[in-house]
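Structure first, commentary second.
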Amino acid sequence: MRLTGKVAIVTGASSGFGEAIARLYAEGGAYVVLADLNDTAGEQVTESIRAGGGDAVYVHADVSDANSVQSLVDHAMEHYGDLDIIVNNAGITHRNGPMLDVDEAMFDRIYAVNVKSLFHTAKAAVPLFRKRGGGCFVNVASTAGVRPRPGLTWYNGSKGAAIVTGKSMAVELAPDNIRVNTINPVMGETGLIDEFLGDNSRANIIAGIPMGRLSQPMDIANAALFLASDEAAFITGACLEVDGGRCV
């Protein structure tokens with residue numbers, strides 16, 4: 001199996017892309033630490049993974065809070081004794097609409113979850129990765145950071161920041177054998193879809209995707225599995241659009 005013996009943290013793992021990534025990582029042989037704010041759903045997903053023969057634990061974590069992220073990484077080390085992979089998947093958005101309708105509190109929350117979380121996981125995990133001789137970050141950004149749609153301006157900006165941050169991390173951390181790659185999904189079938197759509201119809205969004213559908217969680221999970229595997233050992237700083245041709 002492609003991740004046999006590796007320890008992975010997946011944030012935002014109680015649903016959507018994060019749930020699919022956690023499940024696929026466990027199927028691939030990884031020990032998975034699922035992190036989320038939704039404890040009920042997170043525990044349910046974790047128990048389901050265990051029932052299927054996987055090895056997983058759940059940790060309540062707020063990726064916008066430094067102490068919470070440090071505790072998450074500490075828990076992974078205490079429980080499994082190592083850490084190979086962090087998937088920075090947790091993310092939020094404002095409702096699709098005029099940019100001036102978004103208040104400052106929502107703006108700050110979006111950047112705290114979508115961007116500052118990368119700072120927190122780096123501060124907590126990079127020293128461990130350096131000590132063990134390497135590691136891997138897989139960041140889930142968005143096609144919004146590459147080809148933005150109107151109505152999601154502040155979200156678009158946060159994902160653009162995440163993309164550039166990942167590239168810069170990759171260059172700086174490459175000598176330490178720490179890889180950093182980014183996945184850019186097109187709008188997907190997740191719990192945030194109503195916020196992303198706003199007053200738009202699915203048909204209108206799908207019309208802009210050449211392959212004619214929204215992304216599915218497994219589309220993103222398959223990309224995340226590859227980027228965390230040894231098959232991607234010489235890939236860092238990449239941005240992989242999983243978008244059915246949206247960004248072409």
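Every read-out reported here was derived from the displayed coordinates using simple, explicitly stated rules and does not represent laboratory data. Keep in mind that what you see is a predicted model, and the values were worked out from it rather than measured. So basically every Cβ, Gly included, is an ideal-geometry build from the backbone, and we count neighbours across all protein chains shown.
A few notes on this one:
- Separation of alpha-carbon centers, segment 183-207 and segment 225-243, rounded to whole Å: 24
- Helix 117-132 and the longest principal axis of the C-alpha atoms of the chain enclose an angle of approximately 30°.
- Rounded to the nearest 10 degrees, the inclination of helix 66-80 to the longest alpha-carbon principal axis of the chain is 40 degrees.
- Rounded to the nearest 20 debye, dipole of the chain from Cβ charges on Lys, Arg, Asp, Glu: 720
- Helical mean residue ellipticity (222 nm; -39500 (n - 2.57) per DSSP H run of 4+; nearest 500) of the chain: -13500 deg cm²/dmol
- Packing here is the average count of other Cβ atoms within 10 Å per residue, and on that basis the peptides 125-136, 201-212, highest first, run 125-136, 201-212.
- The chain: angle of helix 39-51 to the longest principal axis, Cα-based, in degrees nearest 10: 50
- Residue among 93, 242, 140 farthest towards the positive dipole end of the chain, charges placed on Cβ: 242
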